[in-house]
Structure formats: structure tokens, C-alpha cells
Amino acid sequence: MPVALDVAQPGFAATVEALRLHSWKLGPGQPMLVIDQFTDVDFKLVVDDRADVHVNSKDGRFYLGWFPTGRPGTDGEGWVIAVTGTAKTRGYRMSFDTETPADIVAAAVAQVLATAQPQ
């Protein structure tokens, strides 16, 4: 259903029908949806003494961290994905909180992994 806007008035206006509620996926879900994307051929997986999970590519350029109870020193950071840059191009980092659905993180990881090109 399209949103009805009154362009004659400044600001945003919508009909009551256009403001219907949505249901959104919430809660952390199943972290194995993320972790299962990695093989021991290209990645190393370490579970530390806090039960945090760290995945590194064997070339050292990719990192995934899962912190089920939150990463120490942060305000609820649950997932970290980082790719190291090169001498000519900067890398990047993204993070998600502990309540981000694993499906969402898994989709982000799949997109990052799809960009990896063997050299």
C-alpha cells in the first residue's frame, strides 16, 4: 500500500493506514549460522577462556569475533567483523550488539566472504 503524502503542507504526513506496524526479527538466534560458514582449510577458530569465539583467516586479513556476553570494555558489542587493508586501500570493521539476530550477522559475513579472491 503506497503512503499518501500531502505535499501542500510542510513536513511529513501519512494516513493512519500507511502507518501499520511491522514484525521484526529480534533476539540473538543461532550463532552457528555464522560460525558454520568457516572451514579449517582457510580459517582458524579459537574459543578462549571466556567462551568468546575468534575466527581468523590463515592470511591474517579477516577477523570475526563473537562475544556472547559482550566484548570486554564495550557496551554490549557481541560481534566484530574486520578486514585488514593493504598499503594502498584501507580496511574496514563492523560490529553488532549481542542481541543482533545471528541471521543478520551471517548475511553480512557471507557478503564479506564472497568478496575474498585468492591470490
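All but one of (1) in a loop (DSSP other than H, G, I, E, B); (2) small (Gly, Ala, Ser); (3) over 16 Å from the mean Cα position of the chain (by Cα) hold for residue 18, so report the exception by its number.
Answer for residue 18: the failing condition is (1).
Restricting attention to the stretch 8-31, does a residue exist that is modelled with pLDDT of 80 or more, closer than 20 Å to residue 93 by Cβ and not hydrophobic (A, V, I, L, M, F, W, C)?
Yes, the stretch 8-31 contains a residue that is modelled with pLDDT of 80 or more, closer than 20 Å to residue 93 by Cβ and not hydrophobic (A, V, I, L, M, F, W, C).
Which residues, counting only those in the stretch 88-119, are out of contact with any strand residue (DSSP E or B) (no Cβ under 9 Å at 6 or more places or on another chain) and in a helix (DSSP H, G or I)?
103, 106, 107, 110, 111, 114 - these are the residues of the stretch 88-119 that are out of contact with any strand residue (DSSP E or B) (no Cβ under 9 Å at 6 or more places or on another chain) and in a helix (DSSP H, G or I).
Can we say residue 88 is surrounded by 12 or more Cβ atoms within 10 Å (Cβ to Cβ), among the basic types (Lys, Arg) and modelled with pLDDT of 95 or more?
no
The values are calculated or read from the model by the stated rules, or taken from the named source; none is laboratory data. Being a predicted model, the structure only gives us computed values, none of them experimental. We place every Cβ from the backbone using ideal geometry, glycine too, and count neighbours over all the protein chains shown.
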